[in-house]
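See structure below.
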Amino acid sequence: MVDTNPSIPNSSLSAVSQTELTDLQIKLNQQQVISQQLAAQLAQVQTELATLQTQFEQRLEAAIEEYSLNCQVRCAQNVAQQGMQSVETLRTLWTMEQAQVQDDHHGALNKEKELSELKSRMIRTISHEYRTPLTVISLAAESLAHQYSRLNHKQRQNCFQQICRATQHMNKLINEVLWVSQAEAGEMEAIAQPVNLIQICRQSIDELAILHPEDGVRIHFHLQGTEIEANLDPILLQQIFTHLLTNALKYSAPDQAVQFTATLTPDQGVFTVADHGIGIPPEDWPHLFDCFHRAGNVGTIPGTGLGLAIARKCVELLGGEIEFKSNPGVGSCFTVTLPRRLSP
């Protein structure tokens with residue numbers, strides 16, 4: 001991270017002209033205004049989310065009383081509350097960034113650009129990825145509350161399924177944001193235990209196949225080597241494989257296969273996920289693992305821009321490395337190299 005409070009020698013200060021001091025003060029004032037605007041926009045997003053939560057709870061409470069939807073409602077309410085907590089976490093992070101900006105003299109312009117880019121990515125993620133499932137839940141609950149007697153059994157079940165799917169999606173988004181926040185705060189750690197690497201690989205494939213059976217068919221798994229036992233964190237391993245495979249499937253055509261290869265030696269495991277999808281433009285490579293960053297060619301493909309950030313953090317916690325090669329329109333290949341045992 002760039003030092004946001006570099007020391008300035010007294011000799012340099014004496015050489016600064018009044019005009020330069022005035023220009024610096026103007027830039028700092030502009031930076032403070034921008035930071036205040038960002039905080040105001042975050043507050044507005046939180047207010048909108050709170051309004052959606054209130055409307056959602058009212059509609060689901062009516063559905064509870066009339067049609068006994070206790071299970072679905074409690075789940076959806078918890079998700080909405082977690083959504084508020086995640087927004088509050090992001091707001092706290094922004095407050096910390098604002099405090100740093102106010103103390104930053106020489107890096108004011110660079111910090112402004114970084115904050116603006118992060119703000120744009122975060123607001124876009126919240127508005128598209130968070131609001132959409134909440135809207136689905138709200139509409140489905142409204143249909144059940146006001147049109148239940150006119151809906152047949154299949155239509156009612158469809159409303160229930162929409163609520164469940166949207167709730168699961170919202171829960172996944174919130175968990176990703178909270179996971180990244182905890183990881184950045186240094187609250188995540190690897191817990192080593194004996195694992196079967198091939199079993200973890202296949203579990204990752206099977207989980208994706210549960211949601212979309214066709215994805216399980218598209219993933220072609222290859223094993224090289226017989227050293228399948230290791231002493232690593234199985235949860236972090238599965239996070240890595242799941243996020244890499246999900247991205248490969250998402251950014252490839254439905255009829256394109258994804259190659260998942262595990263090369264196991266006595267010292268390490270090398271795992272590659274290769275696809276023939278849209279690829280990654282070179283200008284996005286430096287920021288590929290940044291939170292909320294998405295490549296410029298993703299178009300309308302949904303996503304939070306957190307999957308690769310989580311995968312890299314998991315790799316780092318396991319003491320490994322992650323690399324990638326990509327060509328736009330040709331495909332991408334991610335390679336993860338992990339030791340067989342965590343370092344003490």
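The numbers here are math on the coordinates, done by the rules we state, and not lab data. Worth saying up front: this structure is predicted, and the values here are computed from it rather than measured. We place every Cβ from the backbone using ideal geometry, glycine too, and count neighbours over all the protein chains shown.
Projecting the Cα positions of VAL273, HIS222, LEU211 onto the charge dipole of the range 190-304 (unit charges on Cβ atoms of Lys, Arg, Asp and Glu, taken about the Cα centre) puts LEU211 furthest along the positive direction.
Report the net charge of residues surrounding PRO266, where surrounding means a beta-carbon distance below 13 angstrom and charges are Lys +1, Arg +1, Asp -1, Glu -1. Net charge in that neighbourhood comes out at -1. Between GLN182 and ARG156, residue separation times 0.36 nm minus the direct Cα-Cα distance comes to 5.5 nm. So how far, in whole Å, is the C-alpha centre of the range 167-211 from the one of the range 297-328? The range 167-211 and the range 297-328 have Cα centres separated by 14 Å. Using the Cα gyration tensor of the range 162-299, with a ≥ b ≥ c the square roots of its eigenvalues, what is the shape: rounded (a/c below 1.5), prolate (a/b larger than b/c) or oblate (neither)? Rounded, since a/c falls under 1.5. Decide, for the range 232-344, between rounded, prolate and oblate: order the square roots of the alpha carbon gyration tensor eigenvalues as a ≥ b ≥ c, take rounded if a/c falls under 1.5, and otherwise choose prolate if a/b is larger than b/c, else oblate. Because a/c hits 1.5 or more and a/b exceeds b/c, the range 232-344 counts as prolate.
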